[in-house]
Amino acid sequence: MARGGNKQAEEPALAVETVSRKPQQGRSKASLERMLSAARELMLERGSEDFTLQDVNQRGNVSIGSIYLRFQSKENLVRAVIARALEDLAQAEEAMVEEVLGSSATLEEFMPRYVAGYAEVLRVNAPLLRLAMERASFDPLVSKPGKDHALRATALGMDAMLHYRSSFGGSDHETKANSAYKIVFATLARQLSLGSSGEAAHDYDWEVLKRELGRMCLAYLRAP
């Protein structure tokens, strides 16, 4: 027996391709996109996974047989929708950071713009993120990719802040950047009902929250 043969194989990364059968033709690919779009719309409209494949059939103009050719179960269809949502979120985060870095010469310019930009990325994606977090609480195929995405988002935010580390106070700049990111995410996530309770902290003006959170994090990063 080969060495390491008794080790459990790693789970494949969550992606549309790993939870669906690969379409072979252009028409099949278009059909797959209609399935994903229909399932996503139903999840967002209902705020839950409470839909049937018949609903997808009617909404996406795809046959039940076609759905089962692509997905072994409704569970895998839901996972595919979440996988696509995480991919879209990662791309939106990266594009936002690139834009803010490109337009900010100083930490004073960067921090408020980063907070405002990240807030809007999360706000736009919040409805589907809530459903992803709910599923992650019991589905390991979703929970691990969700955690991996959170780690990448943290690293992305930290690296962006550290472009301006010469303006930081103190000496442990990595800890400061990490803490600032966590403060930003935790505050925005709570306000957008992305926490375990599913409820916002309180009814707080969104624009005021973004402005004051940016100012607070800037002051923290500059403090000795």
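The values are calculated or read from the model by the stated rules, or taken from the named source; none is laboratory data. Computed from a prediction, not measured in an experiment: that's the story for all the values here. In this analysis, Cβ positions are derived from the backbone assuming ideal geometry, glycine residues included, and neighbour counts consider all displayed protein chains.
See the values below:
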read-out	value
Residue match in region 128-146 (condition: in a helix (DSSP H, G or I), among the hydroxyl-bearing types (S, T, Y) and under 23 Å from E207 (Cβ atoms))	no
Which numbered condition D88 fails, given (1) free of Cβ contacts under 8 Å to residues at least 40 places away in the same chain; (2) within 20 Å of D159 (Cα to Cα)	(2)
L128 vs. criteria within 17 Å of L194 (Cβ to Cβ), in contact with a His (Cβ under 6 Å, 6 or more places away or on another chain) and in contact (Cβ under 8 Å) with a residue 12 or more places away in the chain	no
R79 being of a type in the set (D, E, K, R), touching an Asp or Glu at 6+ places or on another chain (Cβ under 8 Å) and closer than 30 Å to L53 by Cβ	yes
Answer from S73, S104, S48, S63 - the residue that is surrounded by fewer than 13 Cβ atoms within 10 Å (Cβ to Cβ), polar (S, T, N, Q), farther than 26 Å from K144 by Cβ and over 15 Å from the mean Cα position of the chain (by Cα)	S63
Any helices (runs of 4 or more DSSP H) falling wholly within region 42-114 and containing at least 3 residues that are touching a Pro at 6+ places or on another chain (Cβ under 9 Å)	74-103
Whichever residue in region 107-154 is of a type in the set (K, R) and under 19 Å from V208 (Cβ atoms) and, among such residues, is surrounded by the fewest Cβ atoms within 10 Å (Cβ to Cβ)	R123
Every residue from region 157-177 that is surrounded by fewer than 17 Cβ atoms within 10 Å (Cβ to Cβ) and part of a helix (DSSP H, G or I)	D159, L162, R165, S166, S167, E174, T175
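This table checks each residue for (1) among the aliphatic types (A, V, I, L, M); (2) at pLDDT 95 or above; (3) over 13 Å from the mean Cα position of the chain (by Cα).
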{"residue": "F110", "(1), (2), (3)": "no, yes, yes"}
{"residue": "L128", "(1), (2), (3)": "yes, yes, no"}
{"residue": "M133", "(1), (2), (3)": "yes, yes, no"}
{"residue": "T187", "(1), (2), (3)": "no, yes, yes"}
{"residue": "E199", "(1), (2), (3)": "no, no, yes"}
